[in-house]
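Some notes on the structure that comes next.
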Amino acid sequence: MKINDHPALYLFILFGLFFSEMNSQEEIYSKISVSVIEPSVPQQLVALGMAIDHYEHNENNTISFYVTQDELQTLRDLKIDLTVEIEDYSVFYREQSISDSENLIDMTRNSTVANGFDLGSMGGFYTYNEIAGKLDEMKQDYPNLITTKISIGTSIEGRDIWMAKISDNPNINENEPVVYFDALHHAREPLSMATTINYMFWLLENYETDGQVKFLVDHREIYFVPVVNPDGYEYNRQTNPNGGGFWRKNRNPNDGNCVGVDLNRNYSFAYANNNSCSSPDPCSGTYRGESAFSEPETSAIRDFLAVVAPKTAFSTHSTSGSYLMPYGFDTSPPEFDIYSEWASIFLSENDYPYGVTFQMLGYTSCGTTRDFMHSEGIYGWTPEIDGAGFWPPQSTIFDLVSENVYPMFYNSWIAGAYVDIQSHKLLGDALPGESFSLVVETKNVGVGASAENVTVAIEVSVSGVMVSPPVNYGNIEARTRAD
Ligand SMILES: [Zn+2]
């Protein structure tokens, strides 16, 4: 039979060709900058459904972010004053990769880049399958410290959402404070996953040699979900196997409308608080979905959190280089003192700024993971890993993951007890032949447990000074000071 003999089949094949042609067309993304001298501009952009949540703030009072060509046209139609910095990101990305190849040779691995962590095949980042392979590798190399990877649910296209737990006796649910880390809600933010995988390896590799790591792993249940949005991430691999894919949402077909739901707008707390902080439009990058938890990916996270009940959590993104605390939907934070006390310590080395979205960036976002977590009694952050765009030069990846190990380590500690020296002062004069007192104020800055049997001992590094025996502070309740 010739195809022409059968009109219906002929039409079908024509349609099929047309459809696959449409699919292979890659969306062009431009990087633009917009003046924010008028402070309401970021909120206006969000109200237009623009995904500006990872924007860069420039010194000339402009912000830079990425838009599709439709979004660019919308802004032009509205006569919004803008400058196009990068016309076509895919061209820029190819050039960046070429110019970075020499830097790659000189890339060094400092002590917080784990040996098990390396560059993946997709622009330096692990693919979805490579991540699964890394979880298997961890289990093989450290069978007593991590579980076999477990699927906590499947995505809309049926991919597994993998989870692994690091702890001593990992296959037993012990009564220890729980910490939770996830990444890749947004499919184009592979730095979130890279930072998380590196931290996992770092814990495992340092367990035998670092007493603090050993104590932590022995006394915590630390859960990791490195890819919340496997479909979106795989879609980026399919369109851009060498990195540079810009898909953000999941791959919900939305009944033939535009594809995808923004998973970080689909949580229930303050869901769709009003139309200015998430979008009702399926074509928007911040489309919130039909209802809270309409997506299998967010439902899986909700159900998992309900079972394990963490005390502290990071739901990591990239690339604005900041740590966002709840609430995203509101202009002021709850429990600001607690969040900021921690951040001032765990960000002391990498100098990332921290705060609530509205104070820092001038807009609100609702239905976010961190707001939901806080409403469920979990101290939840959205770390935004720094970096030159969603797909930074490969030679910068080691430094970017490295500078976020300490915040993750600290966040793991404070889920349980963590005693910190708050202050110390001398009473009396430190003169030869005299005695004086040293008052040391301590605090259990953790939230999950009381610190048992806390002892402070003084060691002196010079001869001729006598010190009193160690002082026992007894037990210090969570979030309590003692001196
Ligand atoms: Zn994000």
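Points to keep in mind about this one:
- Residue check for Asn411: outside any loop (DSSP other than H, G, I, E, B) and either on the phi > 0 side of the Ramachandran plot or basic (Lys, Arg) (or both): no
- Residue within the stretch 347-368 that is assigned by TED's automatic domain parsing to the domain that holds Asp399, closer than 25 Å to Tyr418 by Cβ, crowded, with 23+ Cβ neighbours inside 10 Å and touching a residue at least 12 places away in the same chain (Cβ under 8 Å) present: no
Residue-by-condition table, conditions (1) more than 16 Å from the ligand (Cβ to nearest atom); (2) in a loop (DSSP other than H, G, I, E, B):
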| site | (1), (2) |
| --- | --- |
| Pro282 | yes, yes |
| Ser291 | yes, yes |
| Ser294 | yes, yes |
| Thr298 | no, no |
| Ile301 | no, no |
| Ala306 | yes, no |
| Phe314 | no, no |
| Tyr323 | no, no |
| Tyr327 | yes, yes |
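- Top-ranked residue in the stretch 252-270 [being surrounded by 22 or more Cβ atoms within 10 Å (Cβ to Cβ) and either away from the ligand (no atom under 16 Å from the Cβ) or among the hydroxyl-bearing types (Ser, Thr, Tyr) (or both); ranked as nearest to Lys31 (Cα to Cα)]: Asn252
- Condition met for Asn236 (at pLDDT 95 or above, part of a loop (DSSP other than H, G, I, E, B), under 30 Å from Phe92 (Cβ atoms) and within 16 Å of the ligand (Cβ to nearest atom)): no
- When Asn404 is tested against (1) modelled with pLDDT of 95 or more; (2) polar (S, T, N, Q); (3) farther than 30 Å from Ile86 by Cα, only condition (3) is not met.
- Residue in the stretch 44-61 that is without any contact (Cβ under 8 Å) to a residue 24 or more places away in the chain and in a helix (DSSP H, G or I) present: yes
- If you filter the stretch 430-467 down to residues that are β-branched (Val, Ile, Thr) and free of Cβ contacts under 8 Å to residues at least 12 places away in the same chain, you find that the one that is surrounded by the fewest Cβ atoms within 10 Å (Cβ to Cβ) is Val462.
- Of residues in the stretch 377-391 being at pLDDT 95 or above and away from the ligand (no atom under 14 Å from the Cβ), the one nearest to Ile52 (Cα to Cα): Gly380
- Residues in the stretch 100-114 that are assigned to a helix (DSSP H, G or I) and at pLDDT 95 or above: Asp100 alone.
- When Leu145, Leu191, Leu135, Leu204 are checked against the criterion of being in contact (Cβ under 8 Å) with a residue 60 or more places away in the chain, within 16 Å of the ligand (Cβ to nearest atom) and either crowded, with 24+ Cβ neighbours inside 10 Å or at negative phi (or both), Leu191 stands alone in meeting it.
- All conditions in (1) outside any strand (DSSP E or B); (2) in contact with a Leu (Cβ under 7 Å, 6 or more places away or on another chain); (3) not aromatic (Phe, Trp, Tyr) hold for Ala164, with the sole exception of (1).
- When residues of the stretch 325-346 are limited to those that are of a type in the set (Gly, Ala, Ser) and more than 18 Å from Pro407 (Cβ to Cβ), the one surrounded by the most Cβ atoms within 10 Å (Cβ to Cβ): Gly328
- Given (1) within 30 Å of Asn206 (Cα to Cα); (2) touching a residue at least 12 places away in the same chain (Cβ under 8 Å), number of the condition Ile105 does not satisfy: (2)
Results for (1) among the charged types (D, E, K, R); (2) at pLDDT below 95; (3) within 23 Å of Met373 (Cα to Cα); (4) assigned by TED's automatic domain parsing to the domain that holds Tyr287, shown as yes or no for each residue.
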site: Glu137; (1), (2), (3), (4): yes, no, no, yes
site: Ile161; (1), (2), (3), (4): no, no, yes, yes
site: Ala164; (1), (2), (3), (4): no, no, yes, yes
site: Tyr180; (1), (2), (3), (4): no, no, yes, yes
site: Tyr207; (1), (2), (3), (4): no, no, no, yes
site: Lys214; (1), (2), (3), (4): yes, no, no, yes
site: Asn229; (1), (2), (3), (4): no, no, yes, yes
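- Considering (1) within 30 Å of Tyr93 (Cβ to Cβ); (2) under 16 Å from the mean Cα position of the chain (by Cα), the lone condition that Gly362 does not fulfil carries the number (2).
- Considered as a group, the residues in the stretch 271-280 that are of a type in the set (S, T, N, Q) and more than 16 Å from the ligand (Cβ to nearest atom) include one that is surrounded by the fewest Cβ atoms within 10 Å (Cβ to Cβ), and that residue is Asn274.
- Under the condition of being part of a loop (DSSP other than H, G, I, E, B) and hydrophobic (A, V, I, L, M, F, W, C), the residues counted in the stretch 344-395 number 7.
- Any hit, the stretch 342-352, residues being touching a Phe, Trp or Tyr at 6+ places or on another chain (Cβ under 9 Å) and within 16 Å of the ligand (Cβ to nearest atom): yes
The values are calculated or read from the model by the stated rules, or taken from the named source; none is laboratory data. Keep in mind the model is a prediction, meaning the values are calculated, not measured. Note that each Cβ is placed from the backbone with ideal geometry, even for glycine, and that neighbours are counted across all protein chains shown.
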